[in-house]
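> If you scroll down you'll find the structure; I have some questions about it.
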Amino acid sequence: MTSCTSCAKDFPGDFRFCPMCGTPFLNENDPRYWGRKAIESRLSGEDLATSIESIKKACAMAPTNAHLLTGLASLHYRKGEISQAINIYEKAVELRSDYPDAHYDLAVAYYRAGQIHKAIASLETCVGIARDYLAAYYWLGIAYYHVGRQSQAIAAFSHLLALNPESVIANYHLGVNYASMGEYEKAIPNFKRVLEVCPDDDAAAYHLGMAFFNARRMAEATDHFRTTVARNPKDRRSVEMLEMITQAPGV
């Protein structure tokens, strides 16, 4: 019996192509067969080790296939074997330096391993290859921020926002970065945009209030924190700021 993974039909006999849809049948001597088996075992909820063993067979048959290597590295990453994943991702990008997904996945693994500067280098390579890689711009902005390169983080999040004008996360991080540089007037519109979409976002609400406060817009800061606390009395940061502001002379 031969099964077609495309149309899910079973056929008795030895066919090279599916009689129904024309999909070529794969056998155990084809690395794509084991690559597909790895995907099927993941989708069926089997243990990661099962998928890893399948895709290892595929990689052994096609050791220069960067796509298969990236898949193997991703399974090790999901299993928490970060160092092993990094080693395999590095082999993949050596084989295919123009493969943006491999550079991106390698960067995320570097970041999780605490190798931030290596993560930045891989992400910069990724966006150099694929200028519309949204997730890479997000992580690039995060990585830049954590090493104190706020102006570059702003450039990354601004590019992300240009690609996706509705991005809430880009607006939030732009606000955080502007505020960290003392540019509170620039931060205010970004936090406002977040709250337009997510009015219950406590973090954005707090940061907006702090931007008003630090920009010396005291009346707006007071009104904003009052509204925030009325909405969520358990938001301790906003409660404390409201108490501090309203206890100040002249407020």
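> In region 97-117, what count of residues is obtained for those that are of a type in the set (A, V, I, L, M) and either more than 14 Å from the chain's Cα centre (by Cα) or outside any helix (DSSP H, G or I) (or both)? Before the answer, list the steps.
Here is the first cut: in region 97-117, the ones of a type in the set (A, V, I, L, M) are 102, 106-109, 113, 116.
Next, from what is left, pick out any that are either more than 14 Å from the chain's Cα centre (by Cα) or outside any helix (DSSP H, G or I) (or both): 113, 116.
Final tally of qualifying residues: 2.
> With respect to the numbered conditions (1) modelled with pLDDT under 90; (2) surrounded by fewer than 17 Cβ atoms within 10 Å (Cβ to Cβ); (3) not polar (S, T, N, Q), which one is the sole condition not fulfilled by Lys37?
Result: Lys37 passes all but (2).
> Being touching a residue at least 24 places away in the same chain (Cβ under 8 Å) and among the aliphatic types (A, V, I, L, M): is that true of Met244 here?
Working: touching a residue at least 24 places away in the same chain (Cβ under 8 Å): no; among the aliphatic types (A, V, I, L, M): yes.
So Met244 does not fit the description; no.
> Here is a list: Ala179, Ala143. Which entry is closer than 25 Å to Gly114 by Cβ, free of Cβ contacts under 8 Å to residues at least 40 places away in the same chain and part of a helix (DSSP H, G or I)? Talk me through it step by step, then tell me what you get.
Details: Ala179 fails: closer than 25 Å to Gly114 by Cβ.
Checking each option against the conditions leaves just Ala143.
> Being under 15 Å from the mean Cα position of the chain (by Cα) and of a type in the set (Gly, Ala, Ser) is the filter here, so list the residues in region 131-152 that pass it.
Ala135, Ala136, Gly141, Ala143
> A further question follows. Can you name the condition, by its number, that Lys192 falls short on among (1) under 29 Å from Tyr89 (Cβ atoms); (2) part of a helix (DSSP H, G or I); (3) not β-branched (Val, Ile, Thr)?
(1)
> Looking only at residues in region 201-251 that are among the charged types (D, E, K, R) and touching a helix residue (DSSP H, G or I) at 6+ places or on another chain (Cβ under 7 Å), which one is nearest to Asn171 (Cα to Cα)? Reasoning before the result, please.
Of region 201-251, the ones among the charged types (D, E, K, R) are 201-202, 216-217, 220, 223, 226, 231, 234-237, 240, 243.
Filter once more, so that each one left must be touching a helix residue (DSSP H, G or I) at 6+ places or on another chain (Cβ under 7 Å): 201, 220, 226, 235, 237.
Working: Asp201: 13, Glu220: 20, Arg226: 23, Asp235: 22, Arg237: 21 Å.
Result: Asp201.
> Continuing with this model, one more query. So if I check each of Ala204, Ala211, which one is touching a Cys at 6+ places or on another chain (Cβ under 8 Å), crowded, with 20+ Cβ neighbours inside 10 Å, small (Gly, Ala, Ser) and touching a residue at least 24 places away in the same chain (Cβ under 8 Å)? Quick ask: steps written out before the conclusion?
On the way: Ala211 fails: touching a Cys at 6+ places or on another chain (Cβ under 8 Å).
That would be Ala204, the only listed residue that is touching a Cys at 6+ places or on another chain (Cβ under 8 Å), crowded, with 20+ Cβ neighbours inside 10 Å, small (Gly, Ala, Ser) and touching a residue at least 24 places away in the same chain (Cβ under 8 Å).
> If you go through region 214-241 one residue at a time, how many are β-branched (Val, Ile, Thr) and crowded, with 19+ Cβ neighbours inside 10 Å? Break it down into steps so the answer makes sense when it comes.
Quick first cut of region 214-241, residues β-branched (Val, Ile, Thr) only: 222, 227-229, 239.
Okay, now just the ones that are also crowded, with 19+ Cβ neighbours inside 10 Å, so 222, 228-229.
Final tally of qualifying residues: 3.
This table checks each residue for (1) part of a loop (DSSP other than H, G, I, E, B); (2) of a type in the set (A, V, I, L, M, F, W, C); (3) at pLDDT below 95; (4) over 25 Å from Leu140 (Cβ atoms).
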position: Glu46; (1), (2), (3), (4): yes, no, yes, yes
position: Ala49; (1), (2), (3), (4): no, yes, yes, yes
position: Pro63; (1), (2), (3), (4): yes, no, yes, yes
position: Leu68; (1), (2), (3), (4): no, yes, yes, yes
position: Tyr89; (1), (2), (3), (4): no, no, no, no
position: Val93; (1), (2), (3), (4): no, yes, no, no
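> Just to be sure, is Ser167 within 27 Å of Ala107 (Cβ to Cβ), surrounded by fewer than 19 Cβ atoms within 10 Å (Cβ to Cβ) and of a type outside the set (Lys, Arg)?
Numbers: within 27 Å of Ala107 (Cβ to Cβ): yes; surrounded by fewer than 19 Cβ atoms within 10 Å (Cβ to Cβ): no; of a type outside the set (Lys, Arg): yes.
Criteria not met by Ser167.
The values are calculated or read from the model by the stated rules, or taken from the named source; none is laboratory data. Predicted model only: the values in this text are computed from it and were never measured. Every residue, glycine among them, receives a Cβ derived from its backbone with ideal geometry; neighbour counts consider all protein chains shown.
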